[in-house]
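The values are calculated or read from the model by the stated rules, or taken from the named source; none is laboratory data. A quick note: this is a predicted structure, and the numbers were derived from the prediction, not measured. Every residue, glycine as well, gets a Cβ built from its backbone with ideal geometry; the counts of neighbours run over all protein chains shown. The protein model used for the area step is the full one, side chains on, heavy atoms only, and it has no ligands, DNA or RNA in it. Shrake-Rupley method; radii C 1.70, N 1.55, O 1.52, S 1.80 Å.
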Amino acid sequence: MTPSLIYGDTGVGKSTLAATLARHIFATTGKKTRVYVQDPPTMAEGSLFGALHSHGVVEFVDMTMKQKGWNIMEVIQLAAKGWVPVNNVWHPPTDNDKFGLWVFEGATAFGEWILEDLREKRANGMNYGGPESSIKPFSITDDNKDTTKRVAGNQLTDYSISQDQICKAVDMSGKLPSHVLWTALETSASEKEGEKAIKKRIMHGPMVAGSAKATVLPKKFAHTFSIQLMPTGKDGKRVRRVHLQPWFDSDNPGIPHIAIVRALPTAKLPPYFEGFGSKPDLGEIYEAIKLASEEEV
């Protein structure tokens, strides 16, 4: 099934929104959610995902630490196929029929994980994917002068490698048998026409190893939801708003935030849903999209 995407700044509630879909799917089908985690707060006990996990609704695949023998780019592709690690060895799933949702938390973190892995490889003398780097590795020694570590930076080809790997993983995840959801942080980028940036077409979109794919990646998803927190008044509470259409904020009124819902052009949908706490519920948003499209058939 074609994946969907939630993106937004840190702390706006991307994981909470994703967890509401897991809750909805379990309530309506009895099926669980498998969450591939590169973002540690996702698994916190106080999070909605954490609460659902404690009740057996969600299973976590912890990818927050590189394990011995893991090839990072290969592991991300295996995760996108729905594979799971057993004693740090990845195996194809045998229980896909028990799951109604796969969540990947998140594209930005996975992209940075690849960049980190490439830095480590260069620090150890391995030149990966391209001509010899002009960014040479060097050594640092701790204050006690008893530990020395080799470090290196990323070169431009690393960002292309990381972005291409995440795009490949998104495509691969679309072959999973039910709902698939990715999350990402937000960035801004110039929309491109061929190799030339369109003047004055800066847009907000999902971040993956920089901003080059911010305007391209949403095209791979069935739905791209842009999420923000809105101030509501003197009580200090903020409402979570999930946008289904491109929108502009008051600080940058000329720069759109990408938001796309693949529904019939005549489907009557609001530009956004909003609520407090764990609202709005992404399951209810999915139902509204489905209903609006059915009404126009």
Subject >> Hits in the stretch 20-36 (condition: of a type in the set (A, V, I, L, M) and over 15 Å from VAL180 (Cβ atoms)) >> reply: ALA27
Original post:
Within the bounds of the stretch 232-241, is there any residue that is hydrophobic (A, V, I, L, M, F, W, C), under 21 Å from LEU181 (Cβ atoms) and either touching a residue at least 60 places away in the same chain (Cβ under 8 Å) or open to solvent by less than 70 Å² (accessible area, probe 1.4 Å) (or both)?
Top reply: no
Subject >> Residue in the stretch 71-96 that is most open to solvent (accessible area, probe 1.4 Å), counting only those that are in contact (Cβ under 8 Å) with a residue 60 or more places away in the chain and under 15 Å from LEU176 (Cα atoms) >> reply: LYS81
Original post:
So which residues in the stretch 66-120 are of a type in the set (Lys, Arg), within 29 Å of ASP9 (Cα to Cα) and over 21 Å from the mean Cα position of the chain (by Cα)?
Top reply: ARG119
Original post:
If you check every pair at least six apart or on different chains, which have Cβ atoms under 9 Å apart with a residue in the stretch 154-165 that is farther than 7 Å from LEU118 by Cβ first and a residue that is open to solvent by 30 Å² or more (accessible area, probe 1.4 Å) and of a type in the set (S, T, N, Q) second?
Top reply: GLN155/SER134
Original post:
Pairs under 9 Å by beta carbon, first residue β-branched (Val, Ile, Thr) in the stretch 168-179, partner in a helix (DSSP H, G or I), six or more apart or different chains?
Top reply: VAL170/ALA80; VAL170/ALA107; VAL170/LEU217; VAL170/LYS220
Original post:
When you scan the stretch 47-70, how many residues do you find that are open to solvent by less than 70 Å² (accessible area, probe 1.4 Å) and either assigned to a loop (DSSP other than H, G, I, E, B) or not hydrophobic (A, V, I, L, M, F, W, C) (or both)?
Top reply: 9
Subject >> the stretch 242-269 - residue that is in contact with a helix residue (DSSP H, G or I) (Cβ under 8 Å, 6 or more places away or on another chain) and of a type outside the set (Val, Ile, Thr) and, of those, surrounded by the fewest Cβ atoms within 10 Å (Cβ to Cβ) >> reply: LYS268
**OP:** Return a yes/no flag: does the stretch 99-110 have any residue that is open to solvent by 80 Å² or more (accessible area, probe 1.4 Å) and either modelled with pLDDT of 95 or more or out of contact with any Lys or Arg (no Cβ under 8 Å at 6 or more places or on another chain) (or both).
**Re:** no
Subject >> Those residues of the stretch 17-46 which are modelled with pLDDT under 95 and not in a helix (DSSP H, G or I), in sequence order >> reply: GLN38, ASP39, ALA44, GLU45, GLY46
